[in-house]
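The values are calculated or read from the model by the stated rules, or taken from the named source; none is laboratory data. Here the structure is a predicted model, which is why all the values come from computation and not from measurement. Please note: Cβ atoms are built from the backbone with ideal geometry, for glycine as well, and neighbour counts cover all protein chains shown. Accessible surface areas use protein heavy atoms only, side chains included; no ligands, DNA or RNA. Shrake-Rupley method; radii C 1.70, N 1.55, O 1.52, S 1.80 Å.
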Amino acid sequence: MAASKPVEPQSGSGLPRWQLALLVGTPIVLGVGAVYLWNRSRGKEKQGKRNGERKTPEGSASPVQGQHEMHSFKNIKYPLDRAQSAKNKGNKYFKAGKYEQAIQCYTEAISLCPKEQKGDLSTFYQNRAAAYEQQYHIQNLKWTEVIQDCSQAVELNPCYVKALFRRAKALEKLGNKKECLEDVTAVCILEVFQNQQSMLLADKVLKQLGKEKAKEKYKNREPLMPSPQFIKSYFSSFTDDIISQPLQKGEKKDEDKDKEGEASEVFENVSCYLKAKQYMEEENYDKIISECTKEIESGGRYTAKALLLRATFYLLIGNATAAQPDLDRVINMDDASVKLRANALIKRGSMYMQQQQPQLSTQDFNMAAEIDPRNADVYHHRGQLKILLDQVEEAVGDFDECIKLRPDSALAQAQKCFALYRQAYTGNNPSQVQKAMDGFEDVIRRFPKCAEGYALYAQALTDQQQFGKADEMYDKCIELEPDNATTYVHKGLLQLQWKQDLEMGLELISKAIEIDNKCDFAYETMGTIEVQRGNLDMAIDMFNKAINLAKSEMEMAHLYSLCDAAYAQTEVAKKYGLKPPTL
């Protein structure tokens, strides 16, 4: 698919990527093109209490599961007995749904409890907060009371999970996402990421914050041309893209006329679109949009091609808003060739997928297949779309159609193998996994110059924990494409998983940034590693660099989520001294 970065599948297992950035672990592959995530292998544990609703109210404070403040009978004073009695009475009212009476009892317990009995007092505040929470439908102001009482409970008992989580929920209801995120991050760390409720709330808030920040940032961002390597890689994914083909004989400046002293006149008469094409060959990409604009405004003979080329570069610099009108116009031009219209549909469909509009994306790819059924690019890119939508069988069918039309398409052959492998791996079918692995061997044998074949095979080998051979495959990629920064990132991640060689992993990822200082994937990965090392300020800096390089609003939202997760950790560490394990 003509997308700058693969989109995560709409379904599937695994942890949210913000959470994976907090944990020590190993990179795994998700989706086409190797979206690397961090996971941690944990033993199977009983899920009852972790995944279920936290029971309220409580009999005593429980800052962390398994810890309880103990009181010897000889030290319990009469006022505490009376306070406990009032609390127990409140619990009965709570269970009967009589929340106002429960609140009165908890208030009495708070007033009677000796101030030095911090554990009991924090429980009474937390229980009253639980009763206030049940009254949210009566008046929204009760959320404020919930926050106030939970804050009292946390002040008395800083690691009180129930109070932190209840306050997080109330803050989220009032729209205080930043404070909510800090509380729920503390809860996730205290619970070692084992409770689905807190993880889901964190994921929800991070996505909301990410979308809000990305929408504002993306709207006002300065256009940024990606690296030449990225642009060449993008165009190499097309075989029937007219605008990416080299200038044909007769399109270039005529050298014979130049010898006759007509050089300046000839240059002036050259179409602005052909100038733009010449700039493409020279990798002078910054001038292409302006030359295409001149061609379009003059109504030149290459207007349709200029529109498509300009739209393509708008997409490359991350300006989908400017790209869409040009793509729409090409798609609806009666005098535009079928090839141009199909290519415009592929690119618009890819844009829609980046914007998380899979229905519109599917419509465009299907329309492209209808108007140009012999176009291999349609099936190749639609196959990638189907993988992202977890429609693997349909993806394989599209890759087969692409291969039938273009038997020499090494990329389609490799991606078909990856689709078959992923289907077998997620379906836990060992015989089919082996068949897919044999398919990779056949692809690299028949297409030894296809770097993507080695890269995809390396991902599958990593899944199978055949780390040595995966490393060899990445070395072949680097040999074929020494300027491909992404391969260095993948090889670096492999060193971390295979040998736990942090120094080598960081060295390879640093090499990726040296090769391409616009590789957002490298900065994102470096940021993730720095989080795991406990270097949160460095991680935030890396994420911010990646944000400035993001090629779509969706990518930017994801990166903001990672950055906000890291920032929340810094605040939690300051407030409560809580940190996840580090490398």
Open item on the list: Can you pull out every residue in segment 296-325 that is part of a helix (DSSP H, G or I), open to solvent by 10 Å² or more (accessible area, probe 1.4 Å) and not hydrophobic (A, V, I, L, M, F, W, C)?
Closed with: 297, 298, 303, 305, 310, 314, 321, 324, 325
- [ ] Kindly indicate whether any position in segment 222-241 is surrounded by fewer than 24 Cβ atoms within 10 Å (Cβ to Cβ), among the acidic types (Asp, Glu) and over 30 Å from residue 482 (Cα atoms).
- [x] no
TODO: Could you figure out which of (1) at pLDDT 95 or above; (2) within 23 Å of residue 514 (Cα to Cα); (3) in a loop (DSSP other than H, G, I, E, B) isn't true of residue 483?
DONE: (1)
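Quick one: count up the residues across segment 438-450 that are part of a helix (DSSP H, G or I) and surrounded by fewer than 23 Cβ atoms within 10 Å (Cβ to Cβ). I'd like the intermediate steps shown before the answer.
Start the filter on segment 438-450 by keeping residues that are part of a helix (DSSP H, G or I), which leaves 438-446.
Imposing the further condition that a residue be surrounded by fewer than 23 Cβ atoms within 10 Å (Cβ to Cβ) reduces the set to 438-439, 441-442, 444-446.
Here the count works out to 7.
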TODO: For residues that are out of contact with any helix residue (DSSP H, G or I) (no Cβ under 6 Å at 6 or more places or on another chain), among the acidic types (Asp, Glu) and either under 17 Å from residue 568 (Cα atoms) or in contact (Cβ under 8 Å) with a residue 60 or more places away in the chain (or both), tally how many sit in segment 502-552.
DONE: 2
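May I ask you to verify whether residue 287 is touching a Phe, Trp or Tyr at 6+ places or on another chain (Cβ under 7 Å), surrounded by fewer than 21 Cβ atoms within 10 Å (Cβ to Cβ) and of a type in the set (D, E, K, R)?
Numbers: touching a Phe, Trp or Tyr at 6+ places or on another chain (Cβ under 7 Å): yes; surrounded by fewer than 21 Cβ atoms within 10 Å (Cβ to Cβ): yes; of a type in the set (D, E, K, R): yes.
Criteria met by residue 287.
Within segment 418-434, can you find the residues that are among the hydroxyl-bearing types (Ser, Thr, Tyr) and in contact with a helix residue (DSSP H, G or I) (Cβ under 7 Å, 6 or more places away or on another chain)?
Pass one, segment 418-434, residues among the hydroxyl-bearing types (Ser, Thr, Tyr): 421, 425-426, 431.
Hits for segment 418-434 are 421, 425.
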- [ ] Confirm whether residue 469 is touching a helix residue (DSSP H, G or I) at 6+ places or on another chain (Cβ under 7 Å) and without any contact (Cβ under 8 Å) to a residue 40 or more places away in the chain.
- [x] yes
TODO: Quick one: which residue in 435, 386 is surrounded by fewer than 17 Cβ atoms within 10 Å (Cβ to Cβ) and assigned to a helix (DSSP H, G or I)?
DONE: 435
- [ ] All but one of (1) touching a Ser or Thr at 6+ places or on another chain (Cβ under 8 Å); (2) open to solvent by less than 10 Å² (accessible area, probe 1.4 Å); (3) of a type in the set (Gly, Ala, Ser) hold for residue 534, so report the exception by its number.
- [x] (2)
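Can you name the helices (runs of 4 or more DSSP H) wholly within segment 119-190 that have at least 1 residues being touching a Cys at 6+ places or on another chain (Cβ under 7 Å) and either at pLDDT below 95 or surrounded by 18 or more Cβ atoms within 10 Å (Cβ to Cβ) (or both)? Walk me through how you get there before you give the answer.
Details: elements: 142-156, 161-173, 177-190.
Those helices (runs of 4 or more DSSP H) span 161-173, 177-190.
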Open item on the list: If residue 522 satisfies all but one of (1) open to solvent by 30 Å² or more (accessible area, probe 1.4 Å); (2) assigned to a helix (DSSP H, G or I); (3) closer than 21 Å to residue 226 by Cβ, what's the number of the condition it fails?
Closed with: (1)
- [ ] Those residues that are hydroxyl-bearing (Ser, Thr, Tyr) and open to solvent by 40 Å² or more (accessible area, probe 1.4 Å), I need them from segment 389-427; list them, please.
- [x] 425, 426
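Out of the residues in segment 337-371 that are β-branched (Val, Ile, Thr) and closer than 21 Å to residue 310 by Cβ, state the one that is surrounded by the most Cβ atoms within 10 Å (Cβ to Cβ).
Just the residues of segment 337-371 that are β-branched (Val, Ile, Thr), to begin with: 338, 346, 362, 371.
Still in the list and also closer than 21 Å to residue 310 by Cβ: 338, 346.
Details: 338: 13, 346: 29.
By that ranking, first place goes to 346.
Yes or no, residue by residue, for (1) assigned to a loop (DSSP other than H, G, I, E, B); (2) open to solvent by 30 Å² or more (accessible area, probe 1.4 Å); (3) basic (Lys, Arg):
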site	(1), (2), (3)
461	no, no, no
465	yes, yes, no
479	no, yes, no
492	no, no, no
507	no, yes, no
512	no, no, no
- [ ] Tell me which residues, restricted to segment 541-559, are crowded, with 18+ Cβ neighbours inside 10 Å and more than 14 Å from residue 525 (Cα to Cα).
- [x] 551, 552, 553, 554, 556, 557
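Any residue that is more than 25 Å from the chain's Cα centre (by Cα) and outside any helix (DSSP H, G or I) - is there at least one of those in segment 410-426? So that I can check it myself, show each step before the final result.
The initial filter retains those residues of segment 410-426 that are more than 25 Å from the chain's Cα centre (by Cα), namely 410, 413.
After this cut, where a residue has to be outside any helix (DSSP H, G or I) as well, the list is none.
Within segment 410-426, none of the residues are more than 25 Å from the chain's Cα centre (by Cα) and outside any helix (DSSP H, G or I).
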Task: Residue under evaluation residue 245, criteria (1) polar (S, T, N, Q); (2) at pLDDT 90 or above; (3) open to solvent by less than 80 Å² (accessible area, probe 1.4 Å), criterion not met - done: (2)
